[in-house]
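I have placed the structure first, in the form of structure tokens, so that the comments after it can refer back to it.
Where a number appears in this text, it was derived from the coordinates with a stated rule and is not lab data. All values derive from a computational prediction rather than experimental measurement. Every residue, glycine among them, receives a Cβ derived from its backbone with ideal geometry; neighbour counts consider all protein chains shown.
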Amino acid sequence: MDGLAALKLQIEWGADEALEDGPVNRLRAVARSPPPSPLPQAEGGNTGPPPRATPAERALQAAAGATTLDELRAAIAAFDGCALRDTASNLVFAEGDPSATLLLIGDPPSADEDRSGLPFAGPAGAYLDRMLAAISLDRGQLLLTPLIPWRPPGDRPPNPAELALCLPFLHRLIALVAPRRLLLMGPLAARSLLPQAASRRRPRGAWMDAPIPGTSLVLPALPTFSAAELMRDPKNRRAAWDDLQLLRRTLDENAAT
């Protein structure tokens, strides 16, 4: 059979496209490549790189690595696992005397605090100053910090995931300064630090034990109203005044011992 007849036969059989540049001998022996070397196995038989830590794990690691307040502030500023950092104007960190025996923990930053980068700023901060002055205290004698370092958009409450990412930094701050007592201003601060707050509508009016996760510290904590709450709802001012008087008596008793 000549070449033209063979081509016509292939077209009749449906072989009407040339897929190779040249003829291929399908009967020749083909050299096989050696199988790829197996990847080295880690202990326990796992292969590949270790999984990336979750944002919550990275928050715990970043907080635990801080040995001073300056290092803790830097660790918070560098932490990119919480979306609140991207929507806030400023990081709001602790302010006041790091050696103070009383630590005030307030609500998440407001718009005033977000703009200034300072805790307890604006009209609510001025109201707090008057509350403290009524029991012969001023903020220079204390250490003040917000519950979380960034303002949630629109002043909405932080959701549970955001709290879980931010609270390790607060716990580390408490461990570093080791205050003798905590003043928890606002219901969210109380619920976040007092286990018993979950079963009570509004814990206040007494010192309560606040265990600090990641440490052996169990600190006396006094939950009370925030300045912003009292500005919105004056009927709670009498109860808040009772709390402040309890705080003053306790501080005086501690000073006498």
Legend entry - For the range 155-256, diffusion coefficient by Stokes-Einstein and Kirkwood Rh (Cα), 10 °C, 1.306 mPa s, µm²/s: 108 µm²/s
Legend entry - Stokes-Einstein D (µm²/s) once Rh is taken as the Kirkwood radius of the range 70-147 over alpha-carbon pairs, at 20 °C in 1.002 mPa s: 161 µm²/s
Legend entry - D86-A206 pseudo-label distance in nm [points 7 Å out on the Cα-to-Cβ vector]: 4.6 nm
Inset, instruction - Taking every Cα atom in the range 55-256, find the radius of gyration and the maximum pairwise distance Dmax, and write them in Å. - result: 15.9, 47
